[in-house]
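Working notes, structure below.
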Amino acid sequence: MNEGDIVLAPLPQADGRIKNRPAVLLRRLPPFGDWLVCGVSTQVHQGVADFDELIAPSDPEFANTGLKAASIIRLGFLAVLPEAVPLGTNGSISHDRHHRLLANLCHHLSREDKKGHAQG
């Protein structure tokens with residue numbers, strides 16, 4: 001498995017249930033090589049402008065993703081998974097899209113509020 005791969009993985013839902021969902025492998029985390037992942041959803045209306053990434057059938061890379069419909073890659077839907085947990089690779093996103101996701105997440109995490117405090 002590689003960064004940018006789309007995998008099927010058990011992810012916690014808002015109601016506490018665990019559901020197998022597509023997720024993008026964002027980055028390996030030290031010290032054990034666990035994966036920081038973000039969930040993928042067909043609920044495109046939940047996308048956050050300038051934060052999440054919409055991937056549509058008209059995108060040149062769509063055929064490589066293994067997704068069946070337009071989807072939102074949701075940076076607000078994060079989880080950490082041990083390396084052995086993903087149930088298989090469906091496809092992958094482009095290096096450029098992966099880089100944008102990481103940049104959007106880093107920008108959000110390092111942003112300060114008007115008082116000079118990191119936003120939480």
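The values are calculated or read from the model by the stated rules, or taken from the named source; none is laboratory data. Treat the numbers as computed from the prediction; the structure is a model and nothing was measured. Positions of Cβ are backbone-derived with ideal geometry, glycine not excepted, and every protein chain shown enters the neighbour counts.
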Is one or more of the residues making up region 60-69 more than 18 Å from residue 100 (Cα to Cα) and buried (at least 18 other Cβ atoms within 10 Å of the Cβ)?
-> yes
In region 69-104, what residues are closer than 24 Å to residue 49 by Cβ and assigned to a loop (DSSP other than H, G, I, E, B)?
-> 69, 70, 93, 94
Would you check which residues across region 72-120 are among the acidic types (Asp, Glu) and either closer than 14 Å to residue 2 by Cα or modelled with pLDDT under 90 (or both) and list them?
-> 83, 112, 113
Quick check: is even one residue across region 80-89 surrounded by 12 or more Cβ atoms within 10 Å (Cβ to Cβ), in contact with an Asp or Glu (Cβ under 7 Å, 6 or more places away or on another chain), more than 23 Å from residue 108 (Cβ to Cβ) and hydroxyl-bearing (Ser, Thr, Tyr)?
-> yes
Could you grab the pairs with beta carbons closer than 7 Å, sequence gap of 6+ or different chains, first residue in region 51-71 and within 16 Å of residue 4 (Cα to Cα), second one surrounded by 12 or more Cβ atoms within 10 Å (Cβ to Cβ) and among the aromatic types (Phe, Trp, Tyr)?
-> 55/62
Can you work out which of the residues in region 8-21 that are in contact with a Leu (Cβ under 6 Å, 6 or more places away or on another chain) and not charged (D, E, K, R) is farthest from residue 89 (Cα to Cα)?
-> 20
Top-ranked residue of region 25-51 - restricted to ones that are out of contact with any helix residue (DSSP H, G or I) (no Cβ under 7 Å at 6 or more places or on another chain) and among the aliphatic types (A, V, I, L, M), ranked as surrounded by the fewest Cβ atoms within 10 Å (Cβ to Cβ) | 49
Return yes or no: is residue 54 loosely packed, with under 13 Cβ neighbours inside 10 Å, among the hydrophobic types (A, V, I, L, M, F, W, C) and touching a Leu at 6+ places or on another chain (Cβ under 7 Å)?
-> no
